[in-house]
1. Only one of (1) surrounded by 14 or more Cβ atoms within 10 Å (Cβ to Cβ); (2) in contact (Cβ under 8 Å) with a residue 24 or more places away in the chain is not met by residue 183, so which one is it?
2. Would you mind stating whether residue 239 is closer than 16 Å to residue 10 by Cα and in contact with an Asp or Glu (Cβ under 9 Å, 6 or more places away or on another chain)?
3. Within the group 134, 102, which residue is in contact with a Gly (Cβ under 8 Å, 6 or more places away or on another chain), modelled with pLDDT of 95 or more and of a type in the set (A, V, I, L, M, F, W, C)?
4. May I ask you to verify whether residue 251 is under 24 Å from residue 29 (Cα atoms), out of contact with any strand residue (DSSP E or B) (no Cβ under 8 Å at 6 or more places or on another chain) and buried (at least 17 other Cβ atoms within 10 Å of the Cβ)?
5. Of the numbered conditions (1) crowded, with 22+ Cβ neighbours inside 10 Å; (2) among the aromatic types (Phe, Trp, Tyr); (3) more than 19 Å from the chain's Cα centre (by Cα), residue 174 fails exactly one; give the number of that condition.
6. Do we find a residue being closer than 21 Å to residue 234 by Cβ and of a type outside the set (Asp, Glu) anywhere in the stretch 106-124?
7. Take residue 143 and tell me if it is modelled with pLDDT of 95 or more and in a helix (DSSP H, G or I).
8. Need the failing condition index for residue 165 against (1) surrounded by 16 or more Cβ atoms within 10 Å (Cβ to Cβ); (2) farther than 19 Å from residue 239 by Cα; (3) not aliphatic (A, V, I, L, M), just the number.
Amino acid sequence: MTNGKKLIVGNWKMNGSAQSNFHLLTQLLRADLRFDVCDTAVCVPSVYLQQVKTQISDQIQGSKGGSIGLGAQDVSAHEEGAYTGEISVSMLREFGVSYVIVGHSERRQFHHETDQLVAIKAKRALGAGMTPIVCVGETSQERESGMTEAVVRRQLAAVIHLNGHCINEIVVAYEPVWAIGTGLTATPEQAQSVHAVLRAQLDAAGAENGRRIRILYGGSMNPANAKTLLSQRDIDGGLVGGASLKAVDFLSIIASA
């Protein structure tokens, strides 16, 4: 994996307020924890990018080292134009965004995003020097039908096909749809099995070094299961939802990494 460190990313989804964001970040930044032990980022609603960027920049962490990266939850497939409500990569770049989530299952489900659209968004992010966190994952019906491997391989293949050698710069997040926000979690063995499939696919696609590309687990990771999940060979970190909204839980997951 890149630089040998785990990557823990908090996805706030459509949560937060100016006040709650300030308190959460204050607790994270003041924690007696070295943020250089693993890479850490928070993907926040776009309206809070400036607030979070400013607070992270202003709150010196001193001897704790490292910092928290800033991420967005989505990006437009278009650079500019008559696309009301969309946010372009150039806009995100002005906020110093380092990561951007593309293809989250909620975007695929509720906004009907296709594999091809996700691939285009990943390309936009890469072209702007940002790291796309490409989400893949199967529904409960697809898992029960034995389609897990075929689904995740199809979703990742679209990104590989469009982005070629640039896939060396992506992060992949395996998020079983049936485990998101449900309290259910893939067993470490189930998660590792899918991560290994994705790793092999990246290797077969000619990735410069498949081990360099970090593959995160993103399905109800919490303080109770983080250590066991993160100990698996091909799990390089976590895309954390609800637990990232509670400082004590998010810090516990980071400590596990």
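The values are calculated or read from the model by the stated rules, or taken from the named source; none is laboratory data. Computed from a prediction, not measured in an experiment: that's the story for all the values here. Neighbour counts are summed over all protein chains in view; Cβ atoms, including those assigned to glycine, are modelled from backbone coordinates with ideal geometry.
1. Unmet condition: (1).
2. So residue 239 fits the description; yes.
3. Answer to the check: 134.
4. The answer is yes for residue 251.
5. For residue 174, the exception is condition (3).
6. Looking through the stretch 106-124, at least one residue is closer than 21 Å to residue 234 by Cβ and of a type outside the set (Asp, Glu).
7. Spelling it out, it is not the case that residue 143 is modelled with pLDDT of 95 or more and in a helix (DSSP H, G or I).
8. For residue 165, the failing item is (1).
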